[in-house]
Amino acid sequence: MVYMEISLTSLEQAIQTLEQQLDHETELDPQKLNTKYLGKRGLFNELSKQIKDISPKDRKQAGKLLNALKNSLQTKLGNLQLHKAEDWVDLTFPGTLPPQGHLHPVSQAIEEISEIFKKIGFTRARYPEVDWDYYAFGSLNMPPDHPARDEWETFFVDLPADKKMGKIVLTPHTSNGQVREMERLKGKPPIRMINIARCYRRQQDVTHTQMFHQFEGLVVDQGINIQHLKGTLDYFAKEFYGPGTKSRIRPFHFQFTEPSFEVDFSCHLCHGTGLIGGEKCSFCKSGWHEVGGAGMVHPNVLKAGGIDPNKYTGFAFGWGVERTYTLKEGLNIDDIRLLYSEEMRFFEQF
Ligand code: DAH
């Protein structure tokens with residue numbers, strides 16, 4: 001047998017090569033790597049065997065180098081294992097769904113309301129949210145300085161008034177669409193309009209926001225009477241709040257309708273009885289919720305829209321989307337301003 005002496009230098013080179021090999025490993029399983037490098041028949045043991053071929057005077061130094069190599073391999077493999085534990089992905093594990101957004105509750109309500117009226121032939125109309133005083137008040141039988149206007153807490157735009165149209169206002173209600181719709185159809189009924197839009201009033205507290213939404217229905221044709229109005233309200237109540245819901249109209253006063261009514265819907269939590277399990281229903285207290293106004297279109301409004309009141313009659317109704325929606329959800333929102341806040345915990349509930 002030929003005795004081949006190995007020099008310290010070549011051992012050092014062999015050690016370096018081994019370290020580099022580990023640094024460039026493509027195998028990622030720490031267990032396999034451990035066996036490959038530090039296992040019984042692993043690369044480290046293979047290399048250690050060479051110590052017997054080192055000249056006796058260098059053996060001590062060779063032993064040190066090999067020890068250092070072992071330590072280094074152990075540390076590197078240990079780190080790999082740690083890393084691996086963090087990166088561990090179980091591909092069969094059910095994934096976490098990314099958070100999914102949804103429409104704002106008021107937008108959801110607007111879509112639903114539009115769909116409900118679409119089914120009975122109403123067409124959604126859109127009219128300016130910044131409009132002339134004439135459409136918001138004047139054409140609705142409220143001449144300038146009429147005291148009824150005070151109810152609307154209107155924002156007026158600080159620009160000179162137009163002689164015929166008056167000042168520019170942020171629409172305080174969707175009724176500004178009534179005469180606009182009559183004009184659009186050049187005074188030629190039938191009209192079956194649903195106008196849903198933003199409205200603005202100088203009011204801000206726990207039950208009011210300065211910007212809110214209303215929806216306005218307008219039907220004009222020959223022979224339209226209060227029964228058509230009542231039937232429409234009942235239909236909406238059932239579609240929006242559920243089959244058992246009823247509507248109720250009570251005499252009231254608006255300048256643009258005659259007769260005028262306030263509209264109530266039966267509470268769908270206590271089914272209009274005012275009682276839940278023998279206790280007073282804490283949501284409605286009386287069995288009914290007041291929602292808005294309605295009536296038969298005033299002849300002066302028809303005239304303003306170029307429609308002959310002797311030939312045609314009509315009904316109209318209008319009220320707030322926010323209120324309609326919170327009633328449906330049975331929500332006693334302490335502060336309605338939450339709807340227009342950035343409180344995501346609130347919105348995530350819908
Ligand atoms: N515009 C009224 C308001 O904001 C609500 C209303 C009442 C609308 C009677 C109508 C109506 O169309 O006929 O208070």
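Just so it is clear, none of the values below were taken in a lab; they were calculated from the coordinates. Bear in mind that the values here come from a model prediction, so they are computed numbers and not experimental data. A quick note on method: Cβ atoms are made from the backbone with ideal geometry, for glycine too, and the neighbour counts reach across all protein chains shown.
Numbers at a glance
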| quantity | calculated |
| --- | --- |
| Rounded Å value of the spacing that divides the Cα centres of segment 105-176 and segment 278-350 | 15 |
| Net lengthening on full extension, Asp53/His24 (0.36 nm per residue, minus Cα-Cα) | 7.6 nm |
| Mean separation of Cα contacts under 8 Å (6+ apart) over length of segment 1-124, as relative contact order % | 26 |
| J(HN,Hα) series, segment 201-216, from Karplus relation 6.51 cos²θ - 1.76 cosθ + 1.60, nearest Hz, glycine and proline x | 9, 7, 8, 8, 7, 5, 10, 9, 10, 5, 10, 8, 10, 10, 10, 10 |
| Cα extents of segment 104-221 along the three principal axes, largest first (Å) | 42, 40, 22 |
| 3J(HN,Hα) from dihedral phi, segment 58-73, Karplus parametrisation 6.51/-1.76/1.60, rounded to Hz, x for glycine, proline | 9, 5, 4, 4, 4, x, 4, 4, 5, 4, 4, 4, 4, 4, 4, 4 |
| Qualifying lysines (Cα of each under 16 Å from Cα of Lys328; at least 8 residues distant if same chain) | Lys238, Lys246, Lys285 |
| Charge dipole (segment 128-199, unit charges on Cβ, about Cα centre) - positive-most of Trp132, Ala197, Met182 | Met182 |
| Selection from Leu103, Val220, Leu73 lying farthest towards where the dipole of the chain points positive, charges on Cβ | Leu73 |
| FRET efficiency, Gln13 to Lys60 (Cβ-Cβ, R0 22 Å, nearest 0.05) | 0.70 |
| Efficiency of FRET between Gln204 and Thr92 - r from beta-carbon atoms, R0 56 angstrom, step 0.05 | 0.55 |
| Packing rank of 204-211, 98-105, where each peptide gets the mean count of other beta carbons within 10 Å, highest leading | 204-211, 98-105 |
| Estimated dipole of the chain in Debye, rounded to 20 [Cβ of Lys and Arg +1, of Asp and Glu -1, Cα centre] | 640 |
| For segment 106-226: lysine pairs under 30 Å (alpha-carbon distance), excluding those fewer than 8 apart on one chain | 10 |
| Cα-projected label distance for Ile120 with Ala161, points at 7 Å along beta-carbon direction, nm | 3.9 |
| Residue-wise HN-Hα coupling along segment 224-229, computed from phi with Karplus coefficients 6.51, -1.76, 1.60 (Hz; x: Gly, Pro) | 6, 9, 4, 4, 5, 4 |
| Computed lengthening from Gln31 to Ser341, 0.36 nm per intervening residue step minus Cα-Cα distance | 106.2 nm |
| Virtual spin-label span in nm between Glu183 and Glu46, 7 Å along Cα→Cβ | 9.3 |
| Highest-first arrangement of 313-319, 299-305, 333-339, where packing means the average Cβ count within 10 Å | 313-319, 299-305, 333-339 |
| Mean separation of Cα contacts under 8 Å, 6 or more apart, over the residue count of the chain: relative contact order % | 14 |
| Unmatched cysteines, the chain - criterion: no other Cβ of a Cys under 4.7 angstrom | Cys199 |
| Long-range HN-HN contacts of Gly293 with modeled amide H, under 5 Å | Val263, Gly318 |
| Anisotropy class of segment 155-293 from Cα gyration tensor, a/c 1.5 cut | oblate |
| Sites Glu5 and Thr75, calculated FRET efficiency, Cβ-Cβ separation with R0 35 Å, nearest 0.05 | 0.65 |
| Cα lying deepest toward the dipole's positive end in the chain, options Gly231, Gly121, Thr171, charges on Cβ | Gly121 |
| Gain on full stretching of the segment that runs from Asn67 to Glu279 - 0.36 nm per residue minus C-alpha separation | 67.9 nm |
| Asp234 versus Leu103: modelled label distance in nm, points set 7 Å from Cα along the beta carbon direction | 2.9 |
